[in-house]
Amino acid sequence: MSRIEELWHVPWTAAICEVCDWAYLIPVGKVDAICPHCYQDTVTPLPEDAVMQLAAPEMIVPFSVSAEKVRANAEQFAKSIPFRPADLSGDTLHDRLQPVFLPFWLVDSDVQAVWQAETGFDYNVVSHEERYQGGRWQTIEKQETRIRWEPRIGRLQRHYDNIPAPALEEHDHLARLLGRYDTEAAQTYASTLLQEALVRLPNRNSADAWPDAEPILVKRAADECRQAAAAQHVRQFQWQSTYADQQWTQMLVPVFTSFYRNDEGQPMTVLFNGQSGRISGVRHASMQRARQIALYAGITAVLLFVLAVMLLVFEMPFAGLVAVLAAAAVFGAIYPIIAVAQFNRAQRDDWFAMQTRRQPE
Amino acid sequence: MVMLNFPPPGFVPTPSQIDGIDLFKPAPPKEKLDAAVNFRCPNCDGETAFSAADGGLTCNYCGYHEAPEKEIVGKSAEQFEFTVETVNRAAHGWGVTRTELVCQTCAARLTLPEGELTTTCPFCASNTVVHHKAPQDVLRPRFLIPFSVDQHRCHAIARDWLGATWLVPKELRRVAAVDDFTAVFLPFWTFDATATAQWRAEVGHTRTRRDSKGRTHTETVWRWETGDIRVNFDDMVLRGTERVSLHLLDQIKQYDLKALAPYEPAYLAGLHAQAYEIGLEETWQKARHVMRERTKTACRSQASTNKIRNFSMQLDFSDESWRYILLPVYINTYHYNNKPYQLLLNGQTGAIAGQRPADWRKIALVSAALMLPSVLLFLILLAFVPDVAGSGGGFLSLLLFIAGTAAAIFIVLQAQKLDEI
């Protein structure tokens, strides 16, 4: 039994995509599968000793978005692209869904600190508004909430659990694409929760992640100090702290990946938040389709122009109307090309697109 | 942040709602007012009293003098907001139950005239200043202006003032008993606020035009105008007592608030102090009335002319704050012809106001004297001039009569004001 199987209680192994460097845990039989990120057939086994964290995760946020919502969002995504590629439709995106879990670090720590802050207490004051009209005053009494700030200092000796920190170098970009996860819905790890999903392995070690975890820890501590003082607000929180007995574990959050192929047949990755259903990906309009439509419109324009000339030569009616229609057809021939070019330029050639198009060295 | 000594000086523990977190807050200022203060002379055990001359304490028996420890905070004296709690308490009549105090020396229970904060115990002669610990102490005075005019000066000021007009009896200055002025701290409220107002009105502009027949017509063209204004009110002083004539108080209440000092029992030693009778809410309502009228005047002054109609405005008060302060007043009541007359003297500036009896006999004589020349002239003219009405002398006599009558009326009105209260 492999170490992974022993810790995760599933017959899985580690693998890495040679094109995009995404490393996974995948079922042993699927090592030859295509990469769910860049959709290249370049997934190869990864030795266990190259895996940064072999231990099973502590928590899992399970897939909870409904199939209907995913399908509706996929349809919406496809419709939002003018002259969309032939391969792009709500159905194709939905049929190609691949569940994947992304990792977060969770750190537990004992903290000893001396702190100081300004704590704010709400209080209400009575104020007045006066209106003068028709020679009479009308007084309106109102209440305003103000904050009384008072200094507090203290000592803190607490244990903090599950402070999240990014476990992927591309965390910020992914967070921007996928939005927030409700980690309150996280469950204790059980192998059954993995279902058929692949598990992305961390590419960022805990030492690198600690500077991201510490501010969250400070914020949590500041909030506890506020509660300790029975205050409603806290500001200018400062502390001098020592940390001990830090434990690093993982939390997995759900993502669906899917793709469509552009004019050149390259896969364009689309991501779905497995909890909220939020969809994100490169929107690529099809220049091929635009050219086709432009060609038909152009031919129509030429035919109408010839007809208009003939009507004019033989002094027959409606020559002007046909000429206007010819001009409209010319516009119809130009518009798709310009629209597609502008749309594609407006789309940010983001990280995913770059990763997808990166060629193997 | 480095804290070698924890907690730092000036911080005290306070309960924490969470285990594992110790909490410290700044130590509250020492409550000097909760304890009774006994002003006994360390030499002879006699009573000491506040000395207006230098602000210290002086023994009435052996002359021992204790130097003052004056701290003047002036207009920077802390102000209080109209918190809901404060307003609710004010609405329930703070201060009205301050009638029973306990002597801290002999434990006698003293019933004081309602409103008094200080007294001398009639049993042990202790000059003890005692204070309630009741919740209404929230509204105890926090600041005061100490007396700076002493009793002896009061006497001189009063004598001069009584003799400062010929309308009073000549012997008044001599016979009026104005030696015994009682020093009293009277309650006042001060208010600060900012009024932000927007106004709208039709403003009339006069226009002159000529019609087809060349006649000139004047007409008013009305145009809508709007504006906004921000008026700051700083330390508006209103009285908190009903015992003293407002008419008299208004004449002496020009106090310099830069001399405000934090309330110290020593300032009240041997003196009387009155708690407020007119509450915070009622006085604040009066202050707001004054503030909004002044703001309205300021708004109207922004209009391009003073012809205004359909004036409306909206006013929003902000940064409202108040202080409950004690201001020094000397009170004296003297009798003349068995009738009492009241005198008030500003204990800070020496300004005096009060009632004085008028000498009506003297006033009648003077009035008659003023009219006499016109009457005499008229009689002479009657005797020697055949056509009195047509002569210049008759006209002169009439003029003298009118002038004399006007002067007499003026004098009588002035005399009537002398004992107004």
> When residues of the range A:104-152 are filtered for being within 30 Å of A:Glu58 (Cβ to Cβ), of a type outside the set (A, V, I, L, M) and more than 9 Å from every other protein chain (Cβ to nearest Cβ), how many remain?
Replying inline: 6
>> Just checking, does the range A:76-99 include any residue being touching a residue at least 24 places away in the same chain (Cβ under 8 Å), in a strand (DSSP E or B) and either within 30 Å of A:Phe237 (Cβ to Cβ) or within 14 Å of chain B (Cβ to nearest Cβ) (or both)?
In response: no
> Here are some conditions: (1) at pLDDT 90 or above; (2) buried (at least 20 other Cβ atoms within 10 Å of the Cβ); (3) part of a loop (DSSP other than H, G, I, E, B). A:Pro62 meets all but one. Which one does it not meet?
Replying inline: (2)
>> Being farther than 30 Å from A:Val270 by Cβ and in contact (Cβ under 8 Å) with a residue 12 or more places away in the chain: is that true of A:Leu307 here?
In response: yes
> Looking at A:Asp182, is it away from every other protein chain (no Cβ under 14 Å) and at pLDDT 90 or above?
Replying inline: yes
> Can you spot a residue in the range A:101-110 that is over 24 Å from A:Cys38 (Cα atoms), aliphatic (A, V, I, L, M) and modelled with pLDDT of 90 or more?
Replying inline: yes
> Can you tell which of A:Thr242, A:Thr192, A:Thr188, A:Thr183 is in contact with an Asp or Glu (Cβ under 8 Å, 6 or more places away or on another chain), of a type in the set (Ser, Thr, Tyr) and in the same structural domain as A:Val70 (by TED's automatic domain parsing)?
Replying inline: A:Thr188
> Among the listed residues B:Ala358, B:Ala353, which satisfies the condition of being in a loop (DSSP other than H, G, I, E, B) and buried (at least 18 other Cβ atoms within 10 Å of the Cβ)?
Replying inline: B:Ala358
> Between residues in the range B:245-265 that are touching a residue at least 60 places away in the same chain (Cβ under 8 Å) and residues that are part of a helix (DSSP H, G or I), which pairs lie under 8 Å by C-beta distance while being six or more apart or on different chains?
Replying inline: B:Leu257/B:Gly74; B:Leu257/B:Lys75; B:Lys258/B:Gly74; B:Lys258/B:Lys75; B:Ala259/B:Gly74; B:Leu260/B:Gly74; B:Leu260/B:Lys75; B:Ala261/B:Tyr267
>> Can you tell me how many residues within the range A:208-223 are among the small types (Gly, Ala, Ser) and closer than 18 Å to A:Leu168 by Cα?
In response: 2
>> Taking the condition of being within 8 Å of chain B (Cβ to nearest Cβ) and among the aliphatic types (A, V, I, L, M), how many residues in the range A:153-165 meet it?
In response: 2
> So, of the residues in the range A:112-161 that are within 18 Å of B:Gln314 (Cβ to Cβ) and among the β-branched types (Val, Ile, Thr), which turns out to be surrounded by the fewest Cβ atoms within 10 Å (Cβ to Cβ)?
Replying inline: A:Ile140
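Condition check ((1) in a strand (DSSP E or B); (2) within 21 Å of B:Ala156 (Cα to Cα)) across all residues:
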{"residue": "B:Thr283", "(1), (2)": "no, no"}
{"residue": "B:Thr297", "(1), (2)": "no, no"}
{"residue": "B:Ser304", "(1), (2)": "no, no"}
{"residue": "B:Ser318", "(1), (2)": "yes, no"}
{"residue": "B:Tyr324", "(1), (2)": "yes, no"}
{"residue": "B:Val329", "(1), (2)": "yes, yes"}
{"residue": "B:Tyr334", "(1), (2)": "yes, yes"}
{"residue": "B:Leu345", "(1), (2)": "yes, yes"}
> Regarding A:Phe259, is this residue aromatic (Phe, Trp, Tyr), part of a strand (DSSP E or B) and buried (at least 21 other Cβ atoms within 10 Å of the Cβ)?
Replying inline: yes
>> Just to be sure before I move on: is A:Pro164 in contact with a Gly (Cβ under 8 Å, 6 or more places away or on another chain) and at pLDDT below 95 in the structure I sent?
In response: no
> Which ones in the range B:375-401 are in a helix (DSSP H, G or I) and polar (S, T, N, Q)?
Replying inline: B:Ser397
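Yes or no, residue by residue, for (1) in contact with a helix residue (DSSP H, G or I) (Cβ under 8 Å, 6 or more places away or on another chain); (2) outside any loop (DSSP other than H, G, I, E, B); (3) at pLDDT 85 or above:
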residue: B:Ser126; (1), (2), (3): no, no, no
residue: B:His132; (1), (2), (3): no, no, no
residue: B:Gln136; (1), (2), (3): yes, yes, no
residue: B:Ser148; (1), (2), (3): yes, no, yes
residue: B:Arg153; (1), (2), (3): no, yes, yes
residue: B:Ala158; (1), (2), (3): no, yes, yes
residue: B:Trp161; (1), (2), (3): no, yes, yes
residue: B:Leu167; (1), (2), (3): yes, no, yes
residue: B:Arg174; (1), (2), (3): no, yes, no
>> Can you find, within the range A:221-245, the residue that is farthest from the other protein chains (Cβ to nearest Cβ) among those that are surrounded by fewer than 18 Cβ atoms within 10 Å (Cβ to Cβ) and in a loop (DSSP other than H, G, I, E, B)?
In response: A:Gln232
> In the range A:3-48, what residues are in contact with a Cys (Cβ under 6 Å, 6 or more places away or on another chain) and outside any strand (DSSP E or B)?
Replying inline: A:Val19, A:Cys20, A:Cys35, A:His37, A:Cys38, A:Thr42
> Out of curiosity, is A:Phe272 aromatic (Phe, Trp, Tyr), out of contact with any helix residue (DSSP H, G or I) (no Cβ under 7 Å at 6 or more places or on another chain), at pLDDT 90 or above and closer than 30 Å to A:Leu97 by Cα?
Replying inline: no
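The values are calculated or read from the model by the stated rules, or taken from the named source; none is laboratory data. Everything quoted here is computed from the prediction, not taken from an experiment. Every residue, glycine as well, gets a Cβ built from its backbone with ideal geometry; the counts of neighbours run over all protein chains shown.
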